[in-house]
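Here the structure comes first, spelled out in structure tokens, and everything after it is commentary.
The values are calculated or read from the model by the stated rules, or taken from the named source; none is laboratory data. Predicted model, so just to flag it, every value in this text is computed and none were measured. In this analysis, Cβ positions are derived from the backbone assuming ideal geometry, glycine residues included, and neighbour counts consider all displayed protein chains. These area figures cover heavy atoms from the full protein model, side chains too; ligands, DNA and RNA do not enter into them. Shrake-Rupley method; radii C 1.70, N 1.55, O 1.52, S 1.80 Å.
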Amino acid sequence: MPKIIGNSLGEHREQVRARVFDALRNQLYERGFEAITLAGVAAEAGVGRTAMYNHFPDREHLLVAFVEDEAARYVARLTEAVDAVDDPADKLAAFARLQLTTLAEYHIPPGTTLARTLAPSAYRRIAAHADPIGETLDAILREGMRRGSWPEQDPAVLAPMVTAALGARQVVDVPPEELPRAIDLAVAFVLRAVGVIPAEDSRAAARHH
């Protein structure tokens, strides 16, 4: 009989999943999804093959479960960061900064690669986790327009432009010591792109009137 990790079967399942996800995260970072096998992930996680297959019958189920877990954690972090500030420009900056920081931390295969690798149903499940993030951005953009933080614009056009800017891996693929500056520059770019006027520019304009 397999050894139970933790104090209960439920705790055992959660700890097995955590070990497996940690191993998968490492392997995604090191070699990409194409090179991953269930046996390889199980070996790194210290989980028996039978237990592995009981949790995840194939690579698709493993990746979908991993992304669902990561997405739930990320949405919670994002909501907390955005809700911690009131000004729409600060909300957008918090959103942009967390998106870029997460992009630097995680190396999930890009969408086009996943679409080629996974069955359509599995890819749709993964893509659905972008919805709460997109809804958060849309709400921030609309609030900024309503409160006069930036000019009126069509969110349906503006949101994908912001998302594209925050998904540029070249921005964060820099030496670690250069990452904070790169993120600062990218956040400033996004704020300028939607029409946020820097505080010093606002004060200068007020002095000239």
Across region 130-164, what is the total count of residues that are part of a loop (DSSP other than H, G, I, E, B) and touching a helix residue (DSSP H, G or I) at 6+ places or on another chain (Cβ under 6 Å)?
4
In the set Leu166, Leu185, Leu158, Leu141, the lone residue that is closer than 19 Å to Thr102 by Cβ and modelled with pLDDT of 95 or more is Leu185
Name the pairs whose Cβ atoms lie under 6 Å apart, with the first residue in region 168-189 and closer than 16 Å to Phe95 by Cα and outside the structural domain of Arg97 (by the TED database), the second of a type outside the set (D, E, K, R) and open to solvent by 100 Å² or more (accessible area, probe 1.4 Å), and 6 or more positions between them or separate chains?
none
I need every pair where a residue in region 18-29 that is within 12 Å of Leu63 (Cα to Cα) and in contact (Cβ under 8 Å) with a residue 60 or more places away in the chain has its Cβ under 9 Å from the Cβ of a residue that is open to solvent by less than 10 Å² (accessible area, probe 1.4 Å) and in a helix (DSSP H, G or I), sequence separation at least 6 or different chains.
Arg25/Phe66; Leu28/Leu63; Leu28/Phe66
